[in-house]
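Note sheet for the following structure.
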Amino acid sequence: MQSTRRSWEPAPTVIQPQNQLHQKREHSQKRELPDAAATQALGRELAGQLPPGSILLLLGDLGAGKTCLVQGLAKGLGIDEPITSPTFALAQHYQGQGGRALVHLDLYRLELAAAADELLAQEEEEALALGALLAVEWPERLSVLPPEAWQVGLELRDPTNPDAGRTAWITPAGR
């Protein structure tokens, strides 16, 4: 049986994902998000724009709003159950109304790039089979980033005050 997994393989000389992520800003749309409600609204907006099977890489420090954005994605996909970060479970699957689905990964606890790559490959295949949107927190753990992925980088305006809002950098796939 032929695999439905998209073909991407680590380059022979691995470019650190962190460098790949920062190079993308020149092709990104900048959005100011004054609060958690605006962050969730961006997630709902992206849920309406991204086709099933899309990958969304979520970047940002601890507390930057990645899970908050995923909560908005879930609402936009018609998912009513509570969304929490799958830090310990590593992956959560959610089914929404109208057949829309979400697979939420958190790679934070995976220290080895090979383990993060393997989990992404498994969950990407599952997401494709479900026609789900795949949201990945901490993609910096991967050895190489999937080129077909969208990226959203989140930065707190004031790292000492999470209530001061955040800036989002949205980069479409292939940029």
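The values are calculated or read from the model by the stated rules, or taken from the named source; none is laboratory data. Values in this document were obtained by computation on a predicted structure and should not be read as measured data. With ideal geometry, Cβ positions are generated from the backbone for all residues, glycine too; neighbour counts draw on all protein chains shown.
Just one of Q92, Q40 is over 21 Å from P162 (Cα atoms) and either at pLDDT 90 or above or not acidic (D, E) (or both); which is it?
Sole residue among the options that is over 21 Å from P162 (Cα atoms) and either at pLDDT 90 or above or not acidic (D, E) (or both): Q92.
Just one of the numbered conditions (1) closer than 18 Å to A41 by Cβ; (2) surrounded by 18 or more Cβ atoms within 10 Å (Cβ to Cβ); (3) modelled with pLDDT of 95 or more is not true of L134; which one?
Checking L134 against (1) closer than 18 Å to A41 by Cβ; (2) surrounded by 18 or more Cβ atoms within 10 Å (Cβ to Cβ); (3) modelled with pLDDT of 95 or more, the one that fails is (1).
Testing A64 on (1) in contact with a helix residue (DSSP H, G or I) (Cβ under 8 Å, 6 or more places away or on another chain); (2) in a loop (DSSP other than H, G, I, E, B); (3) closer than 17 Å to A41 by Cα, one condition comes back false. Which one is that?
With respect to (1) in contact with a helix residue (DSSP H, G or I) (Cβ under 8 Å, 6 or more places away or on another chain); (2) in a loop (DSSP other than H, G, I, E, B); (3) closer than 17 Å to A41 by Cα, A64 is out only on (1).
Select from the stretch 147-172 the residues that are surrounded by 15 or more Cβ atoms within 10 Å (Cβ to Cβ) and among the hydrophobic types (A, V, I, L, M, F, W, C) and list them in ascending order.
Those that are surrounded by 15 or more Cβ atoms within 10 Å (Cβ to Cβ) and among the hydrophobic types (A, V, I, L, M, F, W, C): A149, W150, V152, L154, L156, A168, W169, I170.
Going through the stretch 85-114 one residue at a time, which ones are surrounded by 14 or more Cβ atoms within 10 Å (Cβ to Cβ) and either in a strand (DSSP E or B) or among the polar types (S, T, N, Q) (or both)?
Across the stretch 85-114, the qualifying residues are S85, A91, Q92, H93, Y94, Q95, A101, L102, V103, H104, L105, D106.
Just name the residue that is modelled with the highest pLDDT out of those in the stretch 1-24 that are within 16 Å of the chain's Cα centre (by Cα) and either among the basic types (K, R) or closer than 24 Å to D158 by Cβ (or both).
K24
So, K30, is that one among the basic types (K, R), modelled with pLDDT of 90 or more and crowded, with 16+ Cβ neighbours inside 10 Å or not?
Against the criterion (among the basic types (K, R), modelled with pLDDT of 90 or more and crowded, with 16+ Cβ neighbours inside 10 Å), K30 does not qualify.
Report, by residue number, each residue of the stretch 71-84 that is modelled with pLDDT of 95 or more, of a type in the set (D, E, K, R) and part of a loop (DSSP other than H, G, I, E, B).
none
Here is a check on your reading of the model: is E123 over 20 Å from Q49 (Cβ atoms) and in contact with a Leu (Cβ under 6 Å, 6 or more places away or on another chain)?
Yes.
Residue pairs, Cβ under 7 Å, 6 or more apart or interchain, first in the stretch 36-64 and within 20 Å of G98 (Cα to Cα), second among the polar types (S, T, N, Q). List them.
Pairs found: G43/Q71.
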